[in-house]
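This report refers to the structure that appears directly beneath it.
The values are calculated or read from the model by the stated rules, or taken from the named source; none is laboratory data. Here the structure is a predicted model, which means the values were calculated and not measured. Neighbour counts run over all protein chains shown; Cβ positions are idealised from the backbone, glycine included. The accessibility values were calculated without ligands, DNA or RNA, using every heavy atom of the protein model including side chains. Shrake-Rupley method; radii C 1.70, N 1.55, O 1.52, S 1.80 Å.
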Amino acid sequence: MPLVRTNARNRKPTDRPASALTRLYGHARRLFSATLLNGVLGLATFAISAQALGAQSFGRLALAFTFANAVLRLANFQSWQAIIRFTARADAAATIDPSTAAGRLSLFRFGWTLDLCTAAVAAIASILIAPLAASAFDWHPQVTHAAQLYAVALMCSVDGTPTAVLRYFERFDRLALQQIASATLKLLLVLAVALFNGGFWAFLGAWIGGQVAAHVLLNLTAAQTLASHHRLAEWRTCQWRTAVRWPLMRYLLLSNLDGTLRVARELDVQVVALWVDEAAAGVLRVARQLATLVGRLVDAFYEAGYPELARLAAAEDWRAMNRFTLASAGSSAAVATVGLLGFAALGPWFLRHAFGPEFASAYLPTLILLVAMLVWGATQSFSPALMSFGAPGRLLINHGVAALAYLILLATLVPTYGISGAAVALLGLFIVWGSLTALGYQRLLTEAQSSAAGHA
């Protein structure tokens, strides 16, 4: 594992910025290829499900799916963010004092324990909250029961620390293979259901089965990776309680609140179903899935860059960190632009042949959502930079302001403009969030550079 080594006196890392950028593009290239294939497989899964079920039944499946994701976000502590940041700091300290090297393993063990607990909480909550959500959003009984059955998938949704392990040790190849294998299995399950003319419940079972298999495979892959760096005896003897300190817990609590605010993004499908109809919710879900493909390609730079940013921040190499952040932002924006232009040209043909005539109206909302992904691409690298600065509170405030703006836009635009209004509301969210995050990054960078100059 490449590690930025720092001289404790002059804080000049021996690792050069060029090598950090080389690793960024190398890891991003692997993730980009895997994400593209994974996205194509995911779109095929959605297309088969949508064509077999029709807009209304697919909309009901989408309602259950988005509800489950929202519950998981409410319970989740985004542990991968904290684990990567504090592991980078523990390893930086270990280069000076080798006796602190055991801190990394304690963090991983604590993270896994936390993930297991939050998955159990999410599963129980989905069963208890589903009837309340059904009453609030006027669900069909089929949606309520499907949302409760999704508790099976939530119980297995242990992904924070396994993801942190693979990203921190730079095993993006294994992460890519896991994603492709999981997407392939889910597609095969859905295809089998379609070939045997399965109905709503059969497709629900295929979606749940695919999600369970994906998380089981992720955990096995991460465990194998960790075993290659630490002996089993070390894992048994380390005490995860030694990792529990207030800075870590504060970071986790703030990231949990941040994830809670992000739940607002999942409301559009529910609101469209309530104020328009379930078929419109299904169309919006297709638009969201198409935009998500581009968003995941952008995320390749986010995922590959955060561990490196955490190391550069721990080494206090602010110049290299800024160069790295801006390069990631430019690359992400370029990827999003290609996706936007490609769909603008081929979108109508693709929707008609892949999803069917019922979903042709997804073209305009998808275009708007792809513009939102362009904004996300241009600003997303500032988010892991803020996390590397140890400023999750700033991200929490940014998401709070953006979520408020989003809810106002959603309530204002959906009654008049339907699914296109929901797409514009999400675009507004990313504009507000991106602007605030970019400004916050610039401020913290200036403060860090000024502080470093004062100590020089």
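So here's what we get for this one:
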item	result
Among (1) touching a residue at least 60 places away in the same chain (Cβ under 8 Å); (2) open to solvent by 40 Å² or more (accessible area, probe 1.4 Å), the one test that MET155 misses	(1)
Some residue of the stretch 201-216 being farther than 24 Å from ILE48 by Cα and either surrounded by fewer than 18 Cβ atoms within 10 Å (Cβ to Cβ) or of a type outside the set (Gly, Ala, Ser) (or both)	yes
Leading residue by the ranking (nearest to SER388 (Cα to Cα)) among those in the stretch 231-253 that are at pLDDT 70 or above and open to solvent by less than 30 Å² (accessible area, probe 1.4 Å)	TYR251
Qualifying residue in the stretch 63-79 (condition: assigned to a helix (DSSP H, G or I), open to solvent by less than 10 Å² (accessible area, probe 1.4 Å) and at pLDDT below 85)	yes
Matching residues, the stretch 165-196, being at pLDDT 90 or above and not in a helix (DSSP H, G or I)	PHE196
Count of the stretch 412-424 residues which are touching a residue at least 60 places away in the same chain (Cβ under 8 Å) and among the hydrophobic types (A, V, I, L, M, F, W, C)	4
Tally of residues being open to solvent by 60 Å² or more (accessible area, probe 1.4 Å) and of a type outside the set (Ser, Thr, Tyr) across the stretch 125-152	12
Single match in ALA280, ALA336, ALA360 (criterion: in contact with a helix residue (DSSP H, G or I) (Cβ under 8 Å, 6 or more places away or on another chain), within 30 Å of ALA88 (Cβ to Cβ) and either modelled with pLDDT of 85 or more or aromatic (Phe, Trp, Tyr) (or both))	ALA336
In the stretch 421-449, the residues that are within 24 Å of the chain's Cα centre (by Cα), open to solvent by 10 Å² or more (accessible area, probe 1.4 Å) and polar (S, T, N, Q)	SER435, GLN442
Test: residue in the stretch 181-195 that is open to solvent by 40 Å² or more (accessible area, probe 1.4 Å), among the aliphatic types (A, V, I, L, M) and within 19 Å of the chain's Cα centre (by Cα)	yes
Residue match in the stretch 35-51 (condition: over 30 Å from LEU132 (Cβ atoms) and modelled with pLDDT under 75)	yes
